[in-house]
Amino acid sequence: MIWEDSEFAPTSEVISILETQVDDMTAQAIAYTMEQLLSQGALDVYTQAITMKKSRHGILITVICPCDRQAICEQILFQETSTLGIRVRQQERQILQRELQEVTTEYGNARVKIAWRNGFCTVQPEYEDCAKLARSHNLPLSMIQESVKAAFQLPIKP
């Protein structure tokens, strides 16, 4: 989709990236840690399977957070994992201007995330809203997502 207003240019921000490796935690404990991090302001948390020294299998936990949430995210990692240390770095990231809008479909209301860059607009249905509608109507998620995208109308600028 082409957005006619060029004022929506990408901006940048500095974020903190925290990483730690563990090799002695259950999947449930890691999932709980991820939930805690996200609830306390982490922008994203992800894990990767890794091979550590002595060929031990382990998990790399990566946390992306605003710099002002770094201390609380570090505290959660130390408190909820078996780690003895966390690597920290700051990185600049480019972000798009974005907003949420609600649309109405024959299945109910759902939000869409709209993002702009250089006159181009992308629209992405919000997963949780679509999943709720899919469950309540016993329909495939993809059908609901298509319905939500079709219901979105790009505002026309004067």
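A few notes on this one:
- Cα-based helix-to-principal-axis angle, 27-39 vs the chain, degrees rounded to 10: 60
- Listed options for mean projected area of the Cα convex hull in nm² are [x] 10.2; [y] 11.6; [z] 12.3. The value calculated from this structure is the one marked [z].
- For the chain, calculated [θ]222 nm from helices alone, where every DSSP H run of n ≥ 4 adds -39500 (n - 2.57): -9000 deg cm²/dmol
- With R₀ fixed at 25 Å, the C-beta to C-beta distance from residue 109 to residue 57 puts the FRET efficiency at about 0.05.
- The chain: angle of helix 70-80 to the longest principal axis, Cα-based, in degrees nearest 10: 60
- Qualifying GluC sites (Glu not before Pro) in the stretch 43-146, where qualification requires a DSSP coil assignment and no more than 14 other C-beta atoms within 10 Å, comprise 106.
- Taking trypsin sites (Lys or Arg not before Pro) across the stretch 52-89, the ones in a DSSP loop with at most 16 further Cβ atoms lying within 10 angstrom of their Cβ are 56.
- Rolling a 1.4 angstrom probe over the protein heavy atoms with all chains in place gives the stretch 43-155 an accessible area of 64 Å² per residue.
- Nearest-ten-degree value, helix 127-137 long axis tilted from longest Cα axis of the chain: 70
- Estimated inter-spin distance, residue 92 and residue 122, nm [label 7 Å along Cα→Cβ]: 2.1
- Net dipole in debye of the chain [+1 Lys, Arg Cβ; -1 Asp, Glu Cβ; about Cα centre; nearest 20]: 440
The values are calculated or read from the model by the stated rules, or taken from the named source; none is laboratory data. Just so it is clear, the model here is predicted, and its values are computed rather than measured. FYI the Cβ positions are ideal-geometry reconstructions off the backbone, even for glycines, and counts take in every protein chain you see. Remember, those area values only see protein heavy atoms, side chains included, never the ligands or the DNA or RNA. Shrake-Rupley method; radii C 1.70, N 1.55, O 1.52, S 1.80 Å.
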